[in-house]
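Have a look at the structure below, then the notes.
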Amino acid sequence: MSVLKGLAIYVLIALSALIFFYQVAGGPSGTGNEVPISQVINQVKDNKIEKVSIEGNKITAEVKSSDQKLISRKEEGESIYKILESSGVDPKSVTIEVKDLSTQQAWTGIISAILPVLILVGLMFLLFRNAREGAQGIFSFAQSRARLFTKDQPQIKFTDVAGAEEAKKELSEIVEFLKTPDKFKALGARIPRGVLLVGPPGTGKTLISRAIAGEAGVPFYSIAGSEFMEMLVGVGASRVRDMFLQAKKNAPAIIFIDEIESIGRQRGIGISGGHDEREQTLNQILVEMDGFTPNERLIILAATNRPDLLDAALIRPGRFDRRVVLSLPDLQERKAIIELHMKGKPFTKNVSVEKLARRTVGFSGADLANMLNEAAILAAREGKKAIEPKDLEEAATKEKLGPQRKRMQSEKDRKLAAYHEAGHAVVGHFLKNVDPVHRISIVSRGISGGHTLFPPTEDRSNESKSRLLEQITAALGGQAAEDLVFKDISTGAASDIEIATNIARQMVTQYGMSALGPISITSKPMFGIWRGMSDGEDLSPKLHDAVDIEIRKIIDTCYKNAQISLKKYKVKLDLVAKALLEKETLESDEFEGIVGSKK
């Protein structure tokens, strides 16, 4: 843009010069009042001209008793006095005024000589400056793209991070290391070089990293792993060197690398050997973290949700000395997160934080924050002054399943959806280890035509075999209801079948919950050209068949149990389906009013 502005300035200068030449140097005539010089002489003879003005070769004659002016031109070098005398006119009979244009003509000559040179010099200057900036842009590829956050900017503290109490306690030591390193050195303790934050998306890895920098009050360099990569080979390694150099100059400091698995994956042969861009970048990070030059008071934080992909040399002690796991929040942590994000939002008195926290088992911190924001939007859309429980319920459902989709359905499709969802609900209700039904709906959300929610009533760290089998049975209850009522099945059970099959496969190949016994059947990596892919499951043909048989047996048994349950409670199935056709959505109390309380 600066180049374009410079060119525009010089174009304006050139146009101004042209206008100047036109006005001063007497450019082409073309005025409507210009007449031949003979007519001016005749008017002077007839004593009709009061005054004659001479400007270079231009003659302006003012007519007496009139505002009219006659404009004419004489030959270059001719004198107006000689012209009048040769025509038999006494020059004294008219007032003649000759204007001296020598100064203007001199400046015109100077400008006409200098202006082209100035224009050329200006254009050359712009071209050279553009080339210099381009060269600097090429060299800037190797500069670090890390964003620096200093203590002068708004800081995040540990109090701004709800939940994750164990992680905050573990990371508070990092703050002490940065503030009072001598306290630990006195006992021979070495400051950790790196801390690896591991956890599912949305659990607050980046947020808690910012909180560490805010508590310590030190410069915080933040960069994503993908920002090291560039088309040019060697650029990533150069950026790593530049980033560590800047951080060392400002030590004590923190470097935060988000999504480190994008550059920290396991090294191997690969299609480009050991010299591809990603591996060079990783090698440089390894050297900077634990090379010959010690990193005093410089701590590297990294976040990932795929620690299994990281290179062993990167996560060994001496580089990433600590691994802090941030898991999905439990009940108390969800309550703290909800209360934190409720600040600044008006709620009605019947909103229960305890009930909301129990409703949102499996939600991450980001899910909870977005749920409360969606609830505020829904309440504002309806013109409410405060957020109500139904707004929170709708927001929680929207967070997991997506927004409602109003679409035209035939009566047959609505009836099919009603029995399908009723089948899930009735089968699940009469199973001992399945959580109570929270909501049933035949309103479309996302890609689903309806939904039946069984949200966990408590946080679980393990699943039992009986509970997994009953989850499969409840998932197959929808198709079983279709078969029972319509003597036909539809494509609406595709996602249910996928869920059931995945659970059954994990029971057989990972959990040892089948007749095959406690064996782990997993795929092995291929150390070849396409590293990271799989060369097939580590199974013999006989064992492969046995796995298929066990999965088939689990699915068939659960499907039969669902059919038996629906035949036993066919009356209740019909009542639930009828209520869904009338109301489209049933809450837990309405559902239990039809089928009874869960035992």
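The values are calculated or read from the model by the stated rules, or taken from the named source; none is laboratory data. Note that this is a predicted model, so its numbers are computed, not measured. Here the Cβ positions follow ideal geometry from the backbone for every residue, glycine too, while neighbour counts run over all protein chains shown.
Of all the criteria given as (1) farther than 23 Å from PRO200 by Cβ; (2) among the polar types (S, T, N, Q); (3) modelled with pLDDT of 75 or more; (4) not in a helix (DSSP H, G or I), the one not satisfied by ASN295 is (3). Looking at this structure, is ASP545 assigned by TED's automatic domain parsing to the domain that holds PHE430, touching a Gly at 6+ places or on another chain (Cβ under 9 Å) and modelled with pLDDT under 95? Criteria not met by ASP545. Checked across the stretch 334-350, the condition of being modelled with pLDDT under 85 and either of a type in the set (Val, Ile, Thr) or more than 22 Å from LEU171 (Cβ to Cβ) (or both) holds for no residue.
The requirement of being polar (S, T, N, Q), outside the structural domain of ALA369 (by TED's automatic domain parsing), under 26 Å from the mean Cα position of the chain (by Cα) and more than 24 Å from PHE244 (Cβ to Cβ) is fulfilled somewhere in the stretch 203-211, by at least one residue. Take GLY137 and tell me if it is outside any loop (DSSP other than H, G, I, E, B), at pLDDT below 65 and more than 30 Å from GLU215 (Cβ to Cβ). Judged against the criteria, GLY137 is a match.
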